[in-house]
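Everything on this sheet refers to the single structure shown next.
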Amino acid sequence: MNAIEPNLFALLLFTIFSSVASMGFFVMSGVFPLTTRPELTRPLGLAMVLLNTLLLLLVLYGTVTYGITHLRWTSMVIAGGMAFLFTPALFNIWPGKWRDGFVGLAIVMIGLGCSAYGLQIMV
């Protein structure tokens, strides 16, 4: 395995961060357009959507930066692709009321926040 990717710990972290970012992407893609989600057009809902979008962009940027500095580009492509490919299975396990409302946004916000903090420490 060292011939393929010598830094397995960095590859594991990149895969975790990619999976969290993919989950955030799938949850946030169900939020837009906001006209279809009247419960999210209130101030609290808009704040959660805005914060999750900013955290998602931050985690995506940090994940790519982390991958560029610690991994080979082939490892980034394969691990990121696998995370994006298999994350919908985890997304479909969630009950619909959790992923489509405030609870889903709160869970994603916690996951993205923890990932952003972890990336800030790692990079």
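Just a few scattered comments:
- The residues of the chain have, on average, 59 Å² of accessible surface per residue, using a 1.4 Å probe with all protein chains present.
- Helix-derived mean residue ellipticity, 222 nm - over the chain, DSSP H n ≥ 4, -39500 (n - 2.57), to 500: -26500 deg cm²/dmol
- Between helix 8-29 and the chain: long-axis angle, C-alpha atoms, 0 to 90°, nearest 10: 20 degrees
- GNM flexibility winner over the chain from SER19, SER75, SER29 (Cα, springs under 10 Å): SER29
- Label-zone membership for segment 92-123, site TYR61, 7 angstrom Cα→C-beta point, backbone N under 18 Å: 112-123
- For PHE102, the shell of other residues with beta-carbons less than 14 Å away shows a net charge of +2, using +1 for Lys and Arg and -1 for Asp and Glu.
- Considering only VAL64, VAL77, VAL20, the mean-square fluctuation computed in a Gaussian network model of the chain, springs between alpha carbons under 10 angstrom, is largest for VAL77.
- Cβ-defined net charge surrounding PHE26, 12 Å radius [Lys, Arg +1; Asp, Glu -1]: 0
- Between the Cα long axis of helix 102-122 and the first principal axis of the chain there is an angle of about 30°, rounded to the nearest 10.
- For the chain, the longest principal axis of the alpha carbon atoms and the long axis of helix 43-70 meet at an angle near 10°.
- Of all accessible heavy-atom area on the chain, the percent that carbon and sulfur account for (1.4 Å): 78 percent
- Between THR35 and ASN92, the FRET efficiency from the beta-carbon distance, with R0 = 22 Å, is close to 0.30.
- Note on THR74 and MET122: the model spin-label points, each 7 Å out from Cα along the C-beta direction, lie 2.2 nm apart.
- When the alpha carbon gyration tensor of segment 47-106 is reduced to an equivalent ellipsoid, the three semi-axes, largest first, read 26, 17, 5 Å.
- Debye intensity ratio in log₁₀ form over the Cα atoms of the chain, taken at each q of 0.16, 0.17, 0.20 Å⁻¹: -0.75, -0.83, -1.05
- Overall, the ratio between the Cα radius of gyration of segment 9-55 and 2.2 N^0.38 Å, rounded to two decimals, is 1.42.
The values are calculated or read from the model by the stated rules, or taken from the named source; none is laboratory data. Quantities reported herein were computed from a predicted structural model and do not represent experimental measurements. As a convention, Cβ positions derive from the backbone with ideal geometry for all residues, glycine included, and neighbour counts pool all protein chains shown. Remember, those area values only see protein heavy atoms, side chains included, never the ligands or the DNA or RNA. Shrake-Rupley method; radii C 1.70, N 1.55, O 1.52, S 1.80 Å.
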